[in-house]
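Accompanying notes for the structure given below.
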Amino acid sequence: MAGRATLFPPVPRPHSECMPSDAQLAVSLLGRSAYGRAATTMRALPCLAFARHIVTDGRVLLRMPASCGFHRVCAGNVLAYGSDNLGSAAPGESLWTVQVVGRCETHAPTADEFQRFGPAPRHVDGEPFEPVYLRIEPRFGSVHSADGRP
């Protein structure tokens, strides 16, 4: 017998259950911050692109300004995305910085996701803000902390 038949199809697991634990922790911590930076390359040069983000079902959704053009080099590629609490930690709270790495694609946000992003800026770099939405499917993650575990 070449294959093995099963009576029940596999139960799909949420995306977050398929990630290694470091990536799960990194995604969880990203949910505590609102903004981060995507690391990619543009015309063979390193580039950091700022974005507003939310976390849903283990995926990181980004909102970027179309006028900067960063979305063109992010969508369809693997990129790193990171955030931290270095400027927002409360007194006595551990400092942390996280990074996830995964494939990035364009995304059409649901009404709930759109609302979770909150109000958009009116202008970016002096130009009217036109949002572009992207989705990262984290495959790897890293977490670094000072003064204890985040």
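Scanning the range 54-99 for residues that are in a helix (DSSP H, G or I) and aromatic (Phe, Trp, Tyr) yields a single hit, 70.
Would a scan of the range 51-59 turn up a residue that is surrounded by 14 or more Cβ atoms within 10 Å (Cβ to Cβ) and within 23 Å of residue 146 (Cα to Cα)? The answer is no; no qualifying residue exists.
Do you know which of the residues in the range 100-150 that are part of a strand (DSSP E or B) and basic (Lys, Arg) is nearest to residue 56 (Cα to Cα)?
135
Only residues that are out of contact with any helix residue (DSSP H, G or I) (no Cβ under 7 Å at 6 or more places or on another chain) and farther than 25 Å from residue 123 by Cβ: list them for the range 49-86, please.
We begin by selecting, within the range 49-86, every residue out of contact with any helix residue (DSSP H, G or I) (no Cβ under 7 Å at 6 or more places or on another chain); these are 50-51, 62, 65-82, 84-86.
Those that are out of contact with any helix residue (DSSP H, G or I) (no Cβ under 7 Å at 6 or more places or on another chain) and farther than 25 Å from residue 123 by Cβ: 76, 77, 78, 79, 80, 82, 84, 85, 86.
Can you tell me which residues in the range 9-50 are β-branched (Val, Ile, Thr) and either part of a strand (DSSP E or B) or at pLDDT 85 or above (or both)? Within the range 9-50, 27, 40, 41 meet the criteria.
The values are calculated or read from the model by the stated rules, or taken from the named source; none is laboratory data. As the structure is a computational prediction, the values presented were derived from the model and not from experiment. All Cβ positions, glycine included, derive from the backbone under ideal geometry; neighbour counts span all protein chains shown.
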